[in-house]
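Notes for the one structure printed next.
The values are calculated or read from the model by the stated rules, or taken from the named source; none is laboratory data. Note that the coordinates shown come from a computational prediction; the quantities given were computed from them, not determined experimentally. All Cβ positions, even for glycine, are placed from backbone atoms using ideal geometry, and neighbour counts span all protein chains on display. When the accessible area is computed, the model is the full protein with side chains, heavy atoms only, and any ligands, DNA or RNA have been set aside. Shrake-Rupley method; radii C 1.70, N 1.55, O 1.52, S 1.80 Å.
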Amino acid sequence: MTGGIYRPEEDGAILSLVNVYKTFPVRKSFFSTENLRVRAVDGVSLTVPPGKTLGLVGESGCGKTTLARLAIRLLDPDAGAIRFDGKEITRMEGEALRVTRRQMQIVFQDPYSSLNPRMKVSDIVGEGWLVHGLARGKELRERAERLLVRVGLPADAGGKYPHEFSGGQRQRIGIARAIALSPKLVVADEPVSALDVSVQAQILNLLRDLQEEYGMAYLFVSHDLRVIRHVSDDVAVMYLGKLMETGPAAELFHEPLHPYTRSLLSAVPMLGDAPSERIVLSGEIPSPISPPPGCRFHTRCFMAEKVCEEVCPLLRSIAPGRYAACHFV
Ligand SMILES: Nc1ncnc2c1ncn2[C@@H]1O[C@H](COP(=O)(O)OP(=O)(O)OP(=O)(O)O)[C@@H](O)[C@H]1O
Ligand SMILES: [Mg+2]
């Protein structure tokens, strides 16, 4: 059906977010007593089907990391619902959350700071097994060794410390740690952004191969459209805390609907498919403390008209599977 408002397709989804909000308190200056809040995630709904990759893309500060952390309950939402594998986890706590967490893991951007420098690599990778009573001692070391070899590290890597490895190798350790418990969902927050381009491709290929082998779903966050295109089945485009567009990656890259998506794609010409229009994304991103009224994007949009300053467009169906939040699409 076209014309309808976006509602996440929750049937069979591994992850769904329904109208999720998150704000953070901020102070203008040290002396300020004003209670201001950053609206980091401002009413976002999305779904990730099992075994598939949803790529989340948008400029710096638009709320990608906040959304990724909300999805696996590393942050608590102010409002909205989060469902994982058919269960509501929005307010889940204690033992239930601990058990669910086994199924949802995260790979961080910075392989340098996300690994404990004082722990041996086999202990880093096997920590989840130890915590959940699945392996210890010699068995843990042997299992860690097999996993480390699987992610492309030398067999003796387990006995070493993180500082003995390169950036790409450390990210392989981070990936091994994330998949050790065979999770159903892996959130990867800019997992290759800190790496050289040549190493990026190797890590992306590893993630793809592991997804095929283990059947995990990925929520894959990146500001880099080329990376997003390479890894995604579906894409969600975020701007100032809201989704502007979502749909199957191939279609979205072939024919972007939202003017924001079109602007982003036009800035990366080698993406190829899109018509060779050149749209310059002018102006600064407005502050998420006081986002523009109406459509958040109107201050930078080449299509904006009066209505865009006044009415916030809802994410609505444009074609089967394709949604955009724009009055003029
Ligand atoms: N703990 C926090 N306290 C206060 N503000 C925060 C906090 N975390 C995030 N923010 C703010 O929320 C907004 C969204 O941040 P977030 O890190 O989610 O964006 P992002 O899209 O991941 O950006 P980047 O591409 O730079 O990683 C930003 O304005 C940020 O400054
Ligand atoms: Mg981020």
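Peptide packing: for 110-116, 315-321, the average count of neighbouring Cβ atoms within 10 Å per residue gives the ranking 110-116, 315-321, highest mean first. By the Kirkwood approach, averaging reciprocal distances over each pair of separate Cα atoms, the range 28-79 gets a hydrodynamic radius of 13.3 Å.
When only Cα pairs below 8 angstrom with a gap of at least 6 residues are kept, the range 34-170 shows a relative contact order of 16 percent. Considering only LEU315, TYR218, TYR6, and ranking their Cα positions along the charge dipole of the chain that arises from unit charges at the beta-carbon of Lys, Arg, Asp and Glu, the one farthest toward the positive end is TYR218.
What value in Å³ per residue do you get for the convex hull of the alpha-carbon atoms in the range 48-107?
On the way: hull volume 6.2 nm³, N = 60.
Hull volume normalised by residue count: 103 Å³.
Judged by the mean number of other Cβ atoms found within 10 Å, the most tightly packed of the peptides 58-71, 136-149 leads the ranking 58-71, 136-149.
Just for the chain, what percent of DSSP beta bridges are antiparallel, to the closest 5?
Working: 29 of 47 bridges.
Counting only bridges with both partners in the chain, antiparallel ones make up about 60 percent.
Could you state the per residue volume, in Å³, of the convex hull enclosing the Cα atoms of the range 1-88?
Details: hull volume 11.4 nm³, N = 88.
Enclosed volume per residue, from the Cα hull, is 129 Å³.
Per residue, the range 1-159 exposes 53 Å² of accessible surface when a 1.4 Å probe is rolled over the protein heavy atoms with every protein chain present. Taking ARG296, ARG278, ARG83 as the candidate residues, the one with maximal mean-square fluctuation in a Gaussian network model of the chain, Cα springs under 10 Å, is ARG278. Expressed in units of 2.2 N^0.38 Å, where N is the residue count, the Cα radius of gyration of the chain is 1.04. Each Cα pair of the range 244-329 feeds into the Kirkwood radius, which the Stokes-Einstein equation turns, at 25 °C and 0.890 mPa s, into a diffusion coefficient of 181 µm²/s. Computed extension gain for PHE31 through HIS163, at 0.36 nm per residue and net of the alpha carbon distance, reaches 43.4 nm. Provide the per-residue ³J(HN,Hα) series for the range 138-155, in order, calculated from phi with Karplus coefficients 6.51, -1.76, 1.60 and θ = phi - 60°, each as a whole number of Hz, with x at glycine and proline positions. Once θ is set to phi - 60°, the couplings for the range 138-155 become 5, 5, 4, 5, 5, 5, 4, 4, 4, 5, 5, 5, 4, 8, x, 9, x, 4 Hz. Would you work out what percent of the accessible area of the chain, with all protein chains in place, is carbon or sulfur (probe 1.4 Å)? That share works out to 51 percent. Set the Cα radius of gyration of the range 88-201 against 2.2 N^0.38 Å, with N its number of residues, and you get 1.08. Computing Rg and the Kirkwood Rh from the Cα coordinates of the range 185-329 gives a ratio, Rg/Rh, of 0.99.
Running a GNM on the chain with Cα contacts under 10 Å, which residue among ILE285, ILE106, ILE179 ends up with the highest mean-square fluctuation? Result: ILE285 has the largest fluctuation of those listed.
Per residue, the convex hull spanned by the alpha carbons of the range 157-258 comes to 120 Å³. Among the listed pairs LYS22/LYS306; LYS52/LYS242; LYS87/LYS120; LYS28/LYS64; LYS52/LYS87; LYS22/LYS87, a Cα-Cα separation exceeding 26 Å is found for LYS22/LYS306; LYS87/LYS120.
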